[in-house]
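Every number in this text was worked out from the coordinates using simple rules, so none of it is lab data. Since we're looking at a predicted model, the values are computed, not measured. Heads up, the Cβs are rebuilt from the backbone with ideal geometry, glycines too, and the neighbour counts pull from every protein chain shown.
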């Protein structure tokens, strides 16, 4: 029972909600673009929506945006921006961000 999963429809709905300022939807939309769920992989769009969600205070997106800057995925590699976003997420308790900061040697 239940509905059949439709990742393309999920992506469209996430975008509608993200455009209305819903942080978690923007984070989910980012992951959809990054992972190619419901459409093609688009790292630039993923980074854009991670930034939107991060600016809205979505902690996992702050971490993911920091990782994008650290790896140069969809954005130009920028260690300062990577540190800023990873530190913000780590300070909010994100374990992945803490590990990424530790691996990179912090500052």
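Percent relative contact order of the chain, based on C-alpha pairs within less than 8 angstrom and at least six residues apart? Once divided by the residue count of the chain, the mean separation gives 17 percent. Judged by the mean number of other Cβ atoms found within 10 Å, the most tightly packed of the peptides 25-38, 74-87, 2-15 leads the ranking 25-38, 74-87, 2-15. Taking the C-alpha atoms only, the angle from helix 79-91 to the longest principal axis of the chain is near 80 degrees. Could you give the angle, 0 to 90 degrees to the nearest 10, between helix 59-71's Cα long axis and the longest principal axis of the Cα atoms of the chain? In the chain, helix 59-71 runs at an angle near 70 degrees to the longest axis.
Start at zero, step by 5 Å, and the Cα-Cα distances of the chain spread as 3, 15, 22, 22, 17, 11, 6, 3, 1, 0, 0 percent across the bins. The C-alpha atoms of the chain define a longest principal axis, and helix 95-104 lies at about 40 degrees to it.
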